[in-house]
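Attaching a single structure in structure tokens format; questions to follow.
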Amino acid sequence: MLLSGGATEIVLEGETIRAWGGDGRLAAEASGRVTLAAVGERIRWNGSRFLGDTLDVAGAPDLRVGNRERTGRVRILARKGELLAVAVVPLEAYVAAVLSREAPPRFHPEALAALAVAVRTYAAGAVVKPRDPAYDVVGGVEDQVFDGTDGVAPVFREAADRTRGMVVRYRGELARTVYHSTCGGRTEDAASAWGKDIPYLRAQYCNDCADSPVYRWEYRMSEEEGRRVAKALGVPHGKDLRIAVTGRTPTGRASRVRVSSGGVSRELQAAEFRKTAGYAKVRSLKMEIVPVAGEWRITGEGWGHGVGMCQYGANGMARRGAGYREILERYYPGTEIAGETP
Ligand SMILES: [Zn+2]
């Protein structure tokens, strides 16, 4: 879990600060304040001592790293004159923390358990194929949202605990357990969304997400906003701006959108249109675009890419009595739930 990267100096604060080297031996100890600097591939401790390229630091009773409180150990690495700070977070604490950011606490415990397995599978996949050998997953939008392990509500920790170590596998390999908020009635094929067929990520009917607040939505795109989007997509604005869906996937989602104005016409991936308009405005591609008096009335169903598990659908299934295994089997058909992470 990368906390920060690219700094040449990191300040540690704590009553007692201890640092262990890559060999696991205590390398340095101090109280109050320590400044670490990167000198090539070595870490300089308080301006004088040179240590190796890796240090595990911890504080008692607490540790502040660059002005933020950190529980547990933090690994500091020197790379070409820059320092990386990596939180050493136990997997189950990570699962509970991600879950707390991606699902409401009022979700049914079975739905939270299903999501915990999906989150863990994703994290376990990241450990098997890390982006960088030094850290497993990047905090932030690149991976799942991660905001530290403090203050995670008990319902999320319980969902992680109950499913401890369980992951989804397909033919022995960790599955790509993607999920989204609300499918709007039918999930999407990975092949349609991303151009790659994945046998357990094929469209499924879902009649369990109808109580999602975004099961149906509407967005009024103003003329001005339409022009901004068209311009961003390479179509300069004229008076006759037109935006229309020109292609659909087998589940009815928009696949192509045509934007034309002033003799310039561009047909593009609907996903590119959605990204440019804003994911929170055009919430899904299960949408219709209707011109109304110089504006566009965009109505749609669901929120997200629609592939894999529908979170509100999982909650709906749980509420009518389904267990988390049944939920996972529905949204990732043909997979199996295995007991241990690698
Ligand atoms: Zn659904």
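The values are calculated or read from the model by the stated rules, or taken from the named source; none is laboratory data. Quick caveat: nothing in here was measured; it's all calculated off a predicted structure. Counting neighbours? That spans all protein chains shown, and the Cβs are built from the backbone with ideal geometry, glycine included. Please note that ligands, DNA and RNA were not included when accessible areas were found on the heavy atoms of the full protein model with its side chains. Shrake-Rupley method; radii C 1.70, N 1.55, O 1.52, S 1.80 Å.
Connecting C-alpha atoms closer than 10 Å in a GNM of the chain, tell me which of Val34, Val282, Val257 has the biggest fluctuation.
Sorting by GNM fluctuation, first place goes to Val34.
Also, I was wondering about something else. Using only the alpha carbons of the chain, what is the convex hull's orientation-averaged projected area in square nanometres?
Mean projected area of the Cα convex hull: 20.3 nm².
Can you run phi through the Karplus equation (6.51, -1.76, 1.60; θ = phi - 60°) for the stretch 97-107 and list ³J(HN,Hα) in whole Hz, with x for Gly and Pro?
5, 5, 4, 5, 8, 10, 9, x, x, 7, 4
Ok, one more. Taking Cβ-Cβ under 4.7 Å as the only way to count a partner, pick out the unpartnered cysteines of the chain.
Cys206, Cys209
State whether the stretch 228-342 is rounded, prolate or oblate according to the following rule on the C-alpha gyration tensor (a ≥ b ≥ c being the square roots of its eigenvalues): a/c under 1.5 gives rounded; otherwise a/b larger than b/c gives prolate, and the remaining case gives oblate.
Details: a/c = 3.45, a/b = 2.62, b/c = 1.32.
Prolate, because a/c is 1.5 or more and a/b exceeds b/c.
Reachable lysines from Lys286, Cα under 29 Å, same-chain residues fewer than 8 places away excluded?
Qualifying lysines at Cα under 29 Å: Lys196, Lys231, Lys239, Lys275.
Further question: Scan the stretch 165-196 for trypsin sites (Lys or Arg not before Pro) in coil per DSSP, keeping those whose Cβ has at most 13 other Cβ atoms within 10 Å, and list them by number. List each step's numbers first, then the result.
Details: sites: Arg169, Arg171, Arg176, Arg186, Lys196; in loops: Arg171, Arg176, Lys196.
Hits after loop and neighbour filter: Arg171, Lys196.
Separate question: Ignoring the sites themselves, what is the longest stretch of the chain with no GluC sites (Glu not before Pro) in a DSSP loop and at most 14 other beta-carbon atoms within 10 Å? Could you put the intermediate results ahead of the total?
Values: sites that count: Glu41, Glu142, Glu340.
Here the longest segment lacking exposed loop sites spans 143-339.
Can you pull out the trypsin sites (Lys or Arg not before Pro) in the stretch 229-262 that DSSP calls coil and that have at most 16 other Cβ atoms within 10 Å? The partial results should precede the final answer.
Working: sites: Lys231, Lys239, Arg242, Arg248, Arg253, Arg256, Arg258; in loops: Lys239, Arg253.
Filter output for the stretch 229-262: Lys239.
Right, here's the next one. Name the most mobile residue of Ala118, Ala193, Ala280, meaning the one with the largest mean-square fluctuation, in a Gaussian network model of the chain with Cα contacts below 10 Å.
Judging by the Gaussian network model, the answer is Ala280.
Here is a further query. At 0.36 nm per residue, minus the direct Cα-Cα distance, what do Ala60 and Arg171 gain on full extension? Give it in nm, one decimal, please. Please list the in-between numbers first.
Values: separation 111, 0.36 × 111 = 39.96 nm, distance 4.57 nm.
Taking 0.36 nm per residue and subtracting the Cα distance, the gain is 35.4 nm.
What is the Cα centroid distance between the stretch 240-259 and the stretch 160-211, reported in whole angstrom?
Cα centroid to Cα centroid, the span is 25 Å.
Roll a 1.4 Å probe over the protein heavy atoms and report the accessible area of Trp303 in Å², nearest 10.
90 Å²
222 nm [θ] for the chain, helices only, -39500 (n - 2.57) per DSSP H run of 4+, per residue, to 500? Write down the numbers at each step before the final one.
Details: 8 runs with 81 residues, N = 342.
Rounded to the nearest 500, the figure is -7000 deg cm²/dmol.
Once neighbouring chains are kept in place and the probe is 1.4 Å, which whole percent of the accessible area of the stretch 226-342 is contributed by carbon and sulfur? Please report the intermediate quantities before stating the final value.
Numbers: 2670 of 5500 Å².
About 49 percent, which is the carbon plus sulfur part of the accessible surface.
Can you give me the Kirkwood hydrodynamic radius for the stretch 11-98, using every pair of distinct Cα atoms, in Å to one decimal? Let's see the in-between values first.
Details: mean 1/r = 0.0763 Å⁻¹.
Kirkwood radius, the stretch 11-98: 13.1 Å.
If you average the sequence gap of Cα pairs under 8 Å that are 6 or more apart and divide by the length of the chain, what percent do you get for the contact order? Intermediate results must be reported in sequence, preceding the final value.
Values: 768 pairs, mean separation 57.2, N = 342.
Dividing the mean separation by the residue count of the chain yields 17 percent.
Can I ask one more? With a 1.4 Å probe and every protein chain left in place, work out the accessible area per residue of the chain in Å², rounded to a whole number.
Values: 16490 Å² over 342 residues.
Solvent-accessible surface per residue comes out at 48 Å².
I've got another one for you. Highest GNM mean-square fluctuation, the chain, Cα pairs closer than 10 Å: which of Val245, Val117, Val11?
Among Val245, Val117, Val11, the largest GNM mean-square fluctuation belongs to Val11.
Remind me, what semi-axes does the stretch 276-342 give for its equivalent ellipsoid, largest first in whole Å, using sqrt of 5 times each Cα gyration tensor eigenvalue?
Output for the stretch 276-342: semi-axes of 35, 14, 9 Å.
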